[in-house]
1. Please work out the Kirkwood hydrodynamic radius for the chain, using every pair of different C-alpha atoms, and report it in angstroms with one decimal place.
2. Determine, for T112, T128, the number of other Cβ atoms within 10 Å of each Cβ, and report the residues in order from fewest to most.
3. Counting only residues 5 or more places away or on other chains, whose amide H sits under 5 Å from the amide H of Q127 once H atoms are built in the peptide plane?
4. Return R16, R43 ranked ascending by Cβ neighbour count within 10 Å, so the fewest neighbours appear first.
5. May I ask you to sort I18, I7 by Cβ crowding, counting other Cβ atoms within 10 Å and putting the fewest first?
6. Enumerate the calculated ³J(HN,Hα) couplings along the range 118-134 in order (Karplus 6.51 cos²θ - 1.76 cosθ + 1.60, θ = phi - 60°), each rounded to whole Hz, writing x wherever the residue is Gly or Pro.
Amino acid sequence: MYSKDEIVKEAKELGRMIANTEQVEFFKKAEAKIHENEDVRKRMASLKSLQKQAVNFQQYGKEKALKMTEEKIEKIQDELDEMPIVDQFKESQTQVNQILQMVSHAISSTVTEEVIKSTGGDLLKGQTGAEVRNQPNQTEIK
């Protein structure tokens, strides 16, 4: 048996391992380039300002102003999306998220498999031992 503290300790170690992958290194470099780029910073600042305006226009029912602001937001987002530096950053985010999802899935499926095995269940059916033991035998049903 493991304690919660032991599990958290191991999870932190896994986090440190993930933080030291080439995907995370790529992410850190891409993020630094984003923050160093004056053009990107200006567009991001404009985007944030317009998003705040859009929220205010929506709250006060200013539909025409909201529509115009949303169009400006979309234009800036399109401009940002066309920039190679932004594309690299998004790709790096995707790669890091994929690692995190793979780890999460591996943990989840391993826990499920271990529960099924330890209860004498059926891995192929995904049933724990309790489900298998309490399931009516198909040949007995009349």
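Bear in mind that the values in this text are calculations on the coordinates, not laboratory data. Since this is a predicted model, take the numbers as computed values, not measurements. Every residue, glycine among them, receives a Cβ derived from its backbone with ideal geometry; neighbour counts consider all protein chains shown.
1. Details: mean 1/r = 0.0494 Å⁻¹.
Evaluated over the chain, this radius sits at 20.2 Å.
2. Numbers: T112 14, T128 18.
Taking fewest neighbouring Cβ atoms as first place, the list is T112, T128.
3. D122
4. Numbers: R16 9, R43 18.
Exposure proxy ranking, most exposed first: R16, R43.
5. Values: I18 14, I7 10.
Final ranking by Cβ density, sparse to dense: I7, I18.
6. 5, 9, x, x, 10, 4, 4, 8, x, 10, 6, x, 5, 5, 5, 5, 9
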